[in-house]
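The values are calculated or read from the model by the stated rules, or taken from the named source; none is laboratory data. As the structure is a computational prediction, the values presented were derived from the model and not from experiment. When we count neighbours, we look across all protein chains shown, and the Cβ atoms used for this are built from the backbone with ideal geometry, even at glycine. Protein only, heavy atoms only, side chains kept; ligands, DNA and RNA dropped before computing areas. Shrake-Rupley method; radii C 1.70, N 1.55, O 1.52, S 1.80 Å.
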Amino acid sequence: MRRVLLHLGLHKTGTTAAQSFLYENRELIWPHFALVLPYRTRNSGLSQAATNHSVYGTVGTLAEFGTQVRGFLETLDFGDKRGLIVSEENFAGLRPSRNIEQGYAATPELAACLVDAIRHRFSNQEVEITIYLSLRQRDGWLRSLWAHDLERMRQVHDFDTYRLNMDQLPPLEDTVDQIRNRLPSVIVTSDWLEELQLRRYGTGTPFAEYLDLPRDKANLLIPPSKVNNRLPEDVLAELLDLNRSRLGEAALIKQKTAIIERAKDTLIGTT
């Protein structure tokens, strides 16, 4: 039986560390599963197609995503028994802070499209599909989104204002329930970042368990070395001031980059 695991994010819930775990253990994973990570999904245009649908939500954008996924799956070598592991948070749609009106409303539709493409790829074969979503307590999740936007965008709101603007977004758990209701024949699971951080492999733990490797191979798995770290509060305040300044975009990016680079040695926490 083919086994397929689709990790659809969500954004800012430890996905970087999860993908680091998968990449760094790829030699142990490959004999059992083809591995698809953001480097491939973003370079191939799949990620863009998913986020486009989350914004526009048309029959055409969904069809385009499905067509691209089917074509991409045909390029992968599954051999006789190899399964598939995919980790791409943008398959849940555009980051909610850039798409507040829709949030993760398109995620169940995107998930169903992925499942259809996988079943088509393995038609006439027995396939077990699991969808996994990592979650995070709301205040920490929103603060992480805010910090991310301070770095990457010209975000000018303080955190309290930002949080108020995002208040209309439903709880992340609702997205899990909606996918489960949309796809009753698929296994849908979730874990909380705060609990995974206490485990041996951090956010890589659900994948280590899913792999179900023989003990001698499982003992060779290594924890993720790459995580996104939270910038200190004084650095975030500095970035906010710059975003509110009258600097041109080029000068703004240059100064923000310098501040972030200087702060790297004092990074704390996990985003």
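For segment 157-222, a crude dipole built from +1 on the beta carbon of Lys and Arg and -1 on the beta carbon of Asp and Glu, taken about the Cα centre, is about 400 debye to the nearest 20.
With r defined as the distance between the Cβ atoms of residue 67 and residue 187 and R0 fixed at 25 Å, what FRET efficiency is calculated, to the nearest 0.05? Efficiency at R0 = 25 Å is approximately 0.45. Rounded to the nearest 5, the antiparallel percentage of DSSP beta bridges internal to the chain is 5%. Charge dipole (Cα centre; +1 on Lys/Arg Cβ, -1 on Asp/Glu Cβ; no other charges) of the chain amounts to roughly 500 debye. Taking all protein chains together, 56, 132 sort by accessible area into 56, 132, largest first [probe 1.4 Å].
Relative contact order, whole percent, for segment 52-152 stands at 31, derived from Cα pairs under 8 Å and 6 or more residues apart.
Within a straight-line Cα-Cα reach of under 30 Å, residue 226 can be paired with the following lysines, leaving aside sequence neighbours fewer than 8 residues apart in one chain: 12, 217, 254, 256, 264.
Ranking 140, 185, 65 by Cα position along the charge dipole of the chain, where only Lys, Arg, Asp and Glu carry charges on their C-beta atoms, puts 65 farthest toward the positive end. At a 1.4 Å probe radius, carbon and sulfur cover how many percent of the accessible area of the chain? That share works out to 48 percent.
Given charges of +1 on the Cβ of Lys and Arg and -1 on the Cβ of Asp and Glu, with all other atoms neutral, how large is the dipole of segment 21-90 about its Cα centre, in debye to the nearest 20?
40
Heavy atoms of the protein chains alone define the surface here; on that basis segment 37-183 has 47 Å² accessible area per residue at 1.4 Å probe size.
Principal-axis analysis of the Cα atoms of the chain puts helix 59-74 at an angle of about 60° to the longest axis. The mean sequence separation of alpha-carbon pairs under 8 Å and at least six residues apart, normalised by the residue count of the chain, gives a relative contact order of 27 percent.
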